[in-house]
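Novice: Sharing a structure here in structure tokens format.
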Amino acid sequence: MEDIKVFGLWSSPFSQRVVWTLKLKGVSYEYYDEDLANKSNLLLQYNPIYKKVPVLVHNGKPISESMVIVQYIDETWPQIPLLPQDAYERAKARFWSKFIEEKSMQMMEFFIYDGERQERAIKETLDILRVIENESGLSEKMFICGNTIGLADIALGWVAHTLPVMEEIVGVKFITIDAFPHLHSWVKNFLEIPVIKNNLPPHEKLVEYFRERRKVFLAMASHHHHH
Amino acid sequence: MATNDLKLLGGWFSPFACRVQIALSIKGLDYENIVENLNLKSDLLLQSNPTYKKIPVLIHGEKTICESAIIVQYIDEVWKNNGTSSILPSNAYDKAIARFWVSYIDDKFFNSLRYGLFAQDDESKKKYFEELEEVLLKLEEVFNELSEGKEFFGGENIGFIDVAFGCYLSWLRVKEKFTGTKKFDEAKNPGLVKWAEAFSAHPAVKGILPETDKLVEYAIALAQRLAAAAAADAAPPK
């Protein structure tokens with residue numbers, strides 16, 4: 001009997017990666033939603049280095065870092081593989097997955113700032129999206145590195161539904177069909193996958209959550225200006 | 001032309017390129033070693049890695065593979081029957097642990113080391129080198145846990161963490177020269193001290209890590225360039 005626990009946060013893009021992967025593979029697990037202001041002792045015990053979610057615990061053994069967890073799940077439950085068989089295709093998929101993983105926090109910075117810093121952050125998000133649009137092979141394939149959902153798509157998935165929430169609150173729109181035709185299609189295709197569609201945090205709840213976060217960030221930003 | 005049709009776009013000064021060289025050495029593979037001048041990158045490099053324009057890049061026939069950790073995994077998978085053992089552990093959990101620590105090393109260790117070495121003011125230097133000490137304490141724990149009394153993070157054979165972390169040893173020796181403090185504190189990091197000796201002496205590693213004096217020269221020149229760039233940035237507009 002497998003014992004699988006996931007410590008996550010319902011609104012976190014990084015947690016969602018783990019949930020989607022487990023659901024895609026039909027793996028059952030116990031889910032614990034963490035209150036980040038008041039982290040549970042179990043979480044601190046399982047992820048002492050970063051003290052962050054998500055954490056996967058499989059038969060008592062913890063793993064942290066969302067994309068490390070996703071690869072672990074993929075290797076342990078090989079059905080619905082997220083990586084191709086061919087070593088070179090795998091290297092490409094890992095490359096894009098790593099690129100996206102590294103750039104994800106930066107892509108969200110427009111949501112933290114306002115004024116000039118926000119303008120610069122918006123430009124950086126656009127630059128990163130442009131690299132994905134033009135270089136990751138989306139012009140040839142339905143998903144990044146393949147015609148079925150893979151590692152890099154899981155990494156980027158937050159862009160399909162969490163980014164629009166942030167955009168709505170701030171009043172920007174990144175992935176328009178004119179500026180990013182491939183990404184625009186990718187978003188639609190990603191959200192149409194039944195497991196993804198059925199495992200998205202509720203939109204209204206997410207808007208409310210990020211509206212509150214935006215207030216906090218703006219308060220921090222204005223505090224910074226006044227010094 | 002190397003028999004396996006392998007080219008490495010790298011540099012003797014780059015810990016990341018060294019990782020690939022060590023992986024190729026573990027597997028007993030011939031390759032053409034092309035040293036890039038980072039101030040004047042070759043067209044081949046710019047075309048092979050348009051996203052980052054960085055070394056190392058492995059060119060295997062028509063295929064280009066970028067990012068050192070990804071290249072090492074590629075080599076390990078394609079030539080899985082070469083060498084005495086695989087570089088990555090065989091079971092999924094140990095792989096996840098190895099990937100986690102390599103990621104941690106490339107983030108926490110690498111950044112404290114490089115920001116410390118090239119910081120423009122003494123206060124920043126001190127802060128980064130203090131962080132570095134904390135990271136090394138953590139890595140000493142990790143080494144003791146994963147090596148299980150054997151020579152390497154990978155156990156009896158050098159593995160993914162050894163290759164990734166080991167390639168920073170030359171830069172730690174540069175820090176030794178710059179600061180006068182030993183690269184590993186023998187009281188706090190006795191395990192890492194022994195590991196560093198074993199790693200540097202390993203047949204697959206010998207001759208690949210750059211000589212300290214040569215790297216110190218390189219580091220001094222790099223520090224001067226960075227200082228000049230920082231001064232140019234700070235200078236008031238005319």
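Readers should treat all values here as calculations from the given coordinates under stated rules, not as data from a laboratory. The model shown is predicted, which means the values in this text are computed figures rather than measured ones. Reconstructed Cβ throughout: ideal geometry from the backbone, glycine too, with neighbour counts over all protein chains shown.
Novice: At 0.36 nm per residue, and after removing the present C-alpha to C-alpha distance, how many nm does the segment from B:LYS126 to B:ASN82 gain when stretched out fully?
Specialist: 11.4 nm
Novice: Given a Förster distance of 41 Å, report the FRET efficiency between B:ASP185 and B:ASP30 from their Cβ-Cβ distance, rounded to the nearest 0.05.
Specialist: After rounding to 0.05, the efficiency reads 0.55.
Novice: Which one, B:LEU58, B:LEU44, B:LEU117, has the greatest fluctuation when you compute a Gaussian network model over chain B with C-alpha springs under 10 angstrom?
Specialist: Sorting by GNM fluctuation, first place goes to B:LEU44.
Novice: Quick one, could you list the DSSP H helices from chain B stretching 20 Å or more along their long axis (Cα atoms) with average Kyte-Doolittle hydropathy of 0.0 or above?
Specialist: Helix filter hits for chain B: B:212-234.
Novice: Report Rg (one decimal) and Dmax (nearest whole number) for segment B:73-180, counting Cα atoms only, units Å.
Specialist: 15.6, 50
Novice: Just the number, please: percent antiparallel of the DSSP beta bridges in chain B, rounded to the nearest 5.
Specialist: Of the beta bridges lying entirely in chain B, close to 70 percent run antiparallel.
Novice: Rounded to whole Å, give me the distance from the Cα center of segment A:167-225 to that of segment B:151-201.
Specialist: Centre-to-centre distance over Cα atoms comes out at 44 Å.
Novice: Need one number: nm distance between label points at B:LYS206 and A:THR176, each 7 Å from Cα along Cα→Cβ, rounded to one decimal.
Specialist: Spacing of the two 7 Å Cα→Cβ label points: 6.4 nm.
Novice: Sorted from fewest to most neighbouring beta carbons within 10 Å, what does the list A:HIS161, A:HIS184, A:HIS203, A:HIS223 look like?
Specialist: Ordered by Cβ neighbours within 10 Å, fewest first: A:HIS223, A:HIS203, A:HIS184, A:HIS161.
Novice: If you count the DSSP beta bridges with both ends in the protein assembly as shown, what percent of them are antiparallel, to the nearest 5?
Specialist: 70 percent
Novice: In which sequence would A:ARG214, A:ARG120, A:ARG90, B:ARG99 go, from the one with the fewest C-beta neighbours within 10 Å to the one with the most?
Specialist: In increasing order of surrounding Cβ atoms, one gets A:ARG120, A:ARG214, A:ARG90, B:ARG99.
Novice: Which semi-axes, in whole Å and largest first, does the equivalent ellipsoid of segment A:87-197 have when worked out from the alpha carbon gyration tensor as the square roots of 5 times its eigenvalues?
Specialist: Taking √(5λ) for each Cα gyration eigenvalue gives 24, 15, 12 Å.
Novice: Still on this model: Would you mind calculating the gained length between A:VAL131 and A:LEU44 on full extension (0.36 nm times residue separation, minus the Cα-Cα distance), in nm to one decimal?
Specialist: Here the answer is 27.7 nm.
Novice: Using 7 Å Cα-to-Cβ label points, what is the B:LYS214/B:ALA229 separation (nm, one decimal)?
Specialist: Distance between label points: 2.4 nm.
Novice: Pairs B:LYS126/B:LYS177; A:LYS5/A:LYS103; B:LYS95/B:LYS175; B:LYS95/B:LYS182; A:LYS5/B:LYS150; A:LYS92/A:LYS197: which exceed 21 Å Cα-Cα?
Specialist: A:LYS5/A:LYS103; B:LYS95/B:LYS175; B:LYS95/B:LYS182; A:LYS5/B:LYS150; A:LYS92/A:LYS197
Novice: Can you give the extra length, in nm with one decimal, that the chain gains between A:ALA219 and A:ARG120 once fully stretched, where that is 0.36 nm per residue apart less the Cα-Cα distance?
Specialist: 33.7 nm
Novice: Which of the three applies to the protein assembly as shown, rounded, prolate or oblate, going by the alpha-carbon gyration tensor with a ≥ b ≥ c and a/c under 1.5 meaning rounded?
Specialist: Judged from the Cα gyration tensor, the protein assembly as shown comes out rounded (a/c under 1.5).
Novice: Based on DSSP H runs of at least 4 residues, each adding -39500 (n - 2.57), what is the mean residue ellipticity at 222 nm of chain A after dividing by all its residues, to the nearest 500 deg cm²/dmol?
Specialist: The helix contribution divided over chain A gives -18000 deg cm²/dmol.
Novice: What per residue convex hull volume, in Å³, comes out for segment B:1-73 when only alpha-carbon positions are used?
Specialist: Looking at segment B:1-73, the number lands at 84 Å³ per residue.
Novice: Same structure again: Which residue, A:ALA93, A:ALA179, A:ALA155, has the most motion in a Gaussian network model of chain A that connects Cα atoms within less than 10 Å?
Specialist: A:ALA179
Novice: Taking each pair of different alpha-carbon atoms in chain B once, compute 1/r for the pair, average those values, and report the inverse of that mean as the Kirkwood hydrodynamic radius in Å to one decimal.
Specialist: 18.8 Å
Novice: For n ≥ 4 DSSP H runs only, could you compute -39500 (n - 2.57) per run for chain B, divide by its residues and tell me the 222 nm figure to the nearest 500?
Specialist: Computed ellipticity for chain B at 222 nm equals -17500 deg cm²/dmol.
Novice: Which of B:GLU134, B:GLU176, B:GLU62 moves the most in a Gaussian network model of chain B with Cα springs under 10 Å?
Specialist: B:GLU62
Novice: Now a separate question. Going by Cβ distance under 4.7 Å, what cysteines of the protein assembly as shown have no possible disulfide partner?
Specialist: Those would be A:CYS145, B:CYS66, since no other cysteine Cβ in the protein assembly as shown comes under 4.7 Å of theirs.
Novice: Apply the Kirkwood formula to segment A:4-76: the hydrodynamic radius equals the inverse of the mean of 1/r over all pairs of different alpha-carbon atoms; give it in Å with one decimal.
Specialist: 11.9 Å
Novice: Further question on the same structure: Going by the alpha-carbon gyration tensor, a ≥ b ≥ c the square roots of its eigenvalues, is chain A rounded (a/c under 1.5) or, if a/c is not under 1.5, prolate (a/b greater than b/c) versus oblate?
Specialist: Cα axes put chain A in the oblate bin.
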